[in-house]
Amino acid sequence: MTVFLTVEDLMALVEDLGVGPVRDVGLLESAVARPRTSLWGGDVYSTVGSKAAALLDSLVNSHALVDGSKRLGWLAAVVLLDLNGWWVEAPDDDAYNLVVAVASGRADLDEAAASLRSWCVDPKSR
């Protein structure tokens with residue numbers, strides 16, 4: 001069973017990151033709902049990687065914060081993966097480039113999910 005983030009989780013991440021303030025809580029609610037989306041009884045985002053990519057995309061592009069949407073998007077995606085048993089080991093430059101590509105529309109969800117998957121390791125192997 002997939003573990004999802006809540007708006008309260010995002011608010012805690014905002015505080016931990018020292019970003020914000022929150023401009024629109026409704027956009028945060030929408031972002032945390034997106035990975036749970038289902039259609040005709042099936043998950044729209046079928047893997048944890050695609051769920052994390054959808055969360056990243058929503059947070060980065062909705063601009064729910066006055067400042068720090070990209071940082072929140074990255075951290076939320078990493079936390080979602082971690083809560084579901086995957087540890088992200090991404091080089092800083094590559095992570096930055098992915099977030100900027102998502103923000104600019106140069107990376108779609110499939111590309112973002114593939115990048116996230118490529119950086120995931122089983123935490124038991126660490």
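The values are calculated or read from the model by the stated rules, or taken from the named source; none is laboratory data. No experiment lies behind these values; they were computed from the predicted model shown. Methodologically, a virtual Cβ is constructed for each residue, glycine included, from the backbone with ideal geometry; neighbour enumeration extends over all protein chains shown.
I need the helices (runs of 4 or more DSSP H) fully contained in segment 3-89, keeping only those with at least 2 residues that are modelled with pLDDT of 95 or more, touching a Phe, Trp or Tyr at 6+ places or on another chain (Cβ under 8 Å) and surrounded by 15 or more Cβ atoms within 10 Å (Cβ to Cβ).
Result: 48-62, 69-83.
Just a yes or no: is a residue in segment 69-91 of a type outside the set (A, V, I, L, M), over 23 Å from Ser115 (Cα atoms) and more than 15 Å from the chain's Cα centre (by Cα)?
No, every residue in segment 69-91 fails to be of a type outside the set (A, V, I, L, M), over 23 Å from Ser115 (Cα atoms) and more than 15 Å from the chain's Cα centre (by Cα).
So which residues in segment 90-123 are farther than 16 Å from Tyr45 by Cα and not in a helix (DSSP H, G or I), if there are any at all?
Listed by number, the residues that qualify are Ala90, Pro91, Gly105, Arg106, Ala107, Trp119, Cys120, Val121, Asp122.
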